[in-house]
Amino acid sequence: MQTALATSPETMSPTTSPTMSPMAAEPDVRLAASGDRHAFERLYRDNLNHVYAVCVRMCGDRMRAEELAQDAFVRAWERLPQFRGDSAFSTWLHRLTVNVVLEAQRSERRNRARTESDDVLDEAPPIVRREHHAEKMDLAVAIAALPPGARAVFALHDVEGYKHEEIAEMLDITAGGSKAQLHRARRLLREALA
């Protein structure tokens, strides 16, 4: 039997105990994994804003982010029976969402490469500098204007908190490449917001 002294209040939520797995703490996850559509609908409503926010930050386009968020939930429904409960459902869903966005970006790049005759795959939309310093560019607009690679690394590192090694694995680049893209993103943002 564990005492209250063994666990700090910061590490416990009202729905979990030190010995309870994340799967047991989230009954809707367990029900949805067994095919309960109403339980999955509750999970959808509870997590939609976070999933959408991750998609917007990574792709920079609100309309596309809506599609990707829906894709993430479709994938979650398909893969939910495989969820082992080693981590919180929200953590698992976050990672699944990041993977859905990255796969979509890779697919779009491949399709663009097939249809474009020139070899430029990573063209950055121009970041317009304002002549008057009083008119500062909105940060969200500046992030959306970043080249896709720099935007993805910026969102994963500075917004989501991933380490360069994790980003390198997710994006299939080197840790040095991740650092370079982050440096590029920050430089472009500083220039755009100056």
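Values for this structure:
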item	result
Under Karplus coefficients 6.51, -1.76 and 1.60, residue-wise ³J(HN,Hα) of the stretch 45-61 in Hz, glycine/proline x	4, 5, 10, 4, 4, 5, 4, 4, 4, 4, 4, 4, 5, 7, 9, x, 10
Relative packing of 146-158, 43-55, which averages over residues the other C-beta atoms within 10 Å, highest first	146-158, 43-55
Karplus-derived 3J(HN,Hα), 6.51/-1.76/1.60, for each residue of the stretch 164-169, Hz, glycine and proline x	4, 5, 5, 5, 4, 5
Highest-first arrangement of 88-94, 30-36, where packing means the average Cβ count within 10 Å	88-94, 30-36
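Every number in this text was worked out from the coordinates using simple rules, so none of it is lab data. The structure displayed is predicted, hence computed values, not measured ones. Note that each Cβ is placed from the backbone with ideal geometry, even for glycine, and that neighbours are counted across all protein chains shown.
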